Amino acid sequence: LLAEPAGGGSGRAGEQYLASVNQAILWSGLIAIIIALFLGLLLARRITRPLSQITEATHAVAAGDLSRKVPVTSEDEIGRLAADFNQMAQALDLSETQRRQLLADTAHDLRTPIAVIRSHLEAMLDGVFPMTQENLAAIHEETLHLGRLVEDVRLLSLAETGQLPLEKQPVDLQELAYQVVTAFTPRSEERRVGDGGGG
């Protein structure tokens with residue numbers, strides 16, 4: 001605020017001038033404070049609204065709603081955070097879909113050998129199938145199949161949790177190719193692959 005110099009002498013007009021200037025300064029300061037508060041509230045709302053949307057979406061994802069998305073309204077840090085959140089939610093949704101499909105496929109694959117074993121055993125108990133070595137061998141083969149499926153499920157669960165260790169070993173490619181050729185030679189000879197026959 002402006003004040004009259006010591007020693008004065010400017011009279012009543014000077015006092016009125018100083019009073020009007022001081023009043024203008026006070027009103028200008030008050031208006032500037034109001035505008036600053038208004039702009040501050042707008043800026044805070046613009047910053048906090050996307051963050052509150054991300055927080056709500058985070059709670060929804062934690063509750064199991066993996067389809068929840070956050071609107072991306074800017075290209076700043078908050079906008080990139082929202083885009084990264086949407087990408088994470090989409091990856092989680094895809095992973096959950098694949099997990100459910102894997103569980104459904106696994107249940108189906110496990111059900112088949114169990115049904116075969118059960119039907120064979122019930123048939124033997126009822127006297128429909130004789131308890132011969134061939135029938136027991138069929139049941140044994142299904143139990144081996146079931147064991148391989150359970151081992152596959154165990155390996156998949158380890159891989160999914162990142163606990164599947166990788167054992168790197170040197171491989172002789174020539175020996176590997178020879179083993180593959182040896183394994184498929186009988187089948188290729190049966191189908192006459194390579195001599196114009198086959199089908």
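The values are calculated or read from the model by the stated rules, or taken from the named source; none is laboratory data. None of these values were measured; they are calculated from a predicted model. Reconstructed Cβ throughout: ideal geometry from the backbone, glycine too, with neighbour counts over all protein chains shown. The accessibility values were calculated without ligands, DNA or RNA, using every heavy atom of the protein model including side chains. Shrake-Rupley method; radii C 1.70, N 1.55, O 1.52, S 1.80 Å.
Quick notes on this one:
- Residue satisfying all of: in the range 70-85; open to solvent by 80 Å² or more (accessible area, probe 1.4 Å) and in a loop (DSSP other than H, G, I, E, B); farthest from THR55 (Cα to Cα) among these: GLU75
- Which listed residue, of ASP109, ASP65, is within 30 Å of LEU155 (Cα to Cα), modelled with pLDDT under 85, of a type in the set (Asp, Glu) and not in a helix (DSSP H, G or I): ASP65
- Pairs are defined by a Cβ separation below 8 Å, a sequence spacing of at least 6 or placement on different chains, a first member in the range 157-169 that is closer than 18 Å to LEU103 by Cα and aliphatic (A, V, I, L, M), and a second member that is surrounded by 10 or more Cβ atoms within 10 Å (Cβ to Cβ) and modelled with pLDDT under 75; the pairs so defined are LEU158/LEU164.
- The set of residues in the range 112-142 that are among the polar types (S, T, N, Q), over 30 Å from GLU96 (Cα atoms) and in a helix (DSSP H, G or I) comprises SER119, GLN133, ASN135.
- Flag if GLN98 is closer than 30 Å to VAL61 by Cβ and either in a helix (DSSP H, G or I) or β-branched (Val, Ile, Thr) (or both): yes
- Some residue of the range 149-171 being loosely packed, with under 10 Cβ neighbours inside 10 Å and assigned to a helix (DSSP H, G or I): no
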